[in-house]
Amino acid sequence: MSKEIKKLEAKCDEYLNGWQRAQADYNNLKKESDKRLSEVKEYVQADMILNFISIYDHFKLALEHIPDDKKKDDALSGLLHIKNDFKELLKKFNIKEIETLGKEFNPEMHEAISQEKSDEKENIIIKELKSGYTMNEKVLKPAQVVVSQAKE
């Protein structure tokens, strides 16, 4: 009788260990699935936001070309308000513009379109051609810049 009880206890332990492994495997799979779903959601969100960023960049560019004598117009203040609303919307999605002017060139965040001889030390950004953006500290769109080159 004692032998049979030991056999049954061993069988119970085996089943319990199997169940615990299956439970751990299930929990790991669930964590992995949740992580993948979160990444997919972030990529979809980023893709949609890139479309908005393009419009925002064009809007900023248009505002930069307004003559100085027109900058006091009421219509322009409305447009500036829209620009600020756009900026706030980007903040809600944790989107930030990449700093450029006067910063050292970083190929992970900047795309060098050209180089120009400058009084600045070499490899410093001297012009921003197009803004770049990050979302949750990941680069969505690199900033297009002109980088300083040492004078000879």
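Summary of values
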{"quantity": "Reduced Cα scattering model of the stretch 1-71, Debye log10 I(q)/I(0), q = 0.12, 0.15 Å⁻¹", "calculated": "-0.65, -0.76"}
{"quantity": "Under the Debye formula (equal points on every Cα, no solvent term), log10 I(q)/I(0) of the stretch 95-152 at q = 0.25, 0.30 Å⁻¹", "calculated": "-0.88, -1.15"}
{"quantity": "Beta bridges per DSSP with both ends in the chain, % antiparallel, nearest 5", "calculated": "60"}
{"quantity": "Ordering of 69-75, 42-48 by packing [mean C-beta count within 10 Å, highest first]", "calculated": "42-48, 69-75"}
{"quantity": "Hits among aspartates and glutamates - C-alpha to C-alpha of Lys30 under 19 Å, sequence gap 8 or more where chains match", "calculated": "Glu39, Glu42"}
{"quantity": "C-alpha long axis of helix 74-92 to longest principal axis of the chain, angle in °", "calculated": "20"}
{"quantity": "Principal-axis tilt of helix 2-64 within the chain, Cα atoms, nearest 10 degrees", "calculated": "10"}
{"quantity": "20 Å Cα-Cα threshold exceeded, pairs from Lys117/Lys141; Lys87/Lys138; Lys72/Lys92; Lys71/Lys127", "calculated": "Lys117/Lys141; Lys72/Lys92; Lys71/Lys127"}
{"quantity": "Matching label, volume of the Cα convex hull per residue in Å³ computed from the structure shown, candidates [x] 188; [y] 171; [z] 155", "calculated": "[y]"}
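Quick note: the coordinates plus some simple rules give every number you see, no bench work behind them. Just so we're clear, the structure is a prediction, and the values are computed from it rather than from any experiment. No Cβ is skipped: glycine too gets one built from the backbone with ideal geometry, and neighbour counts run over all protein chains shown.
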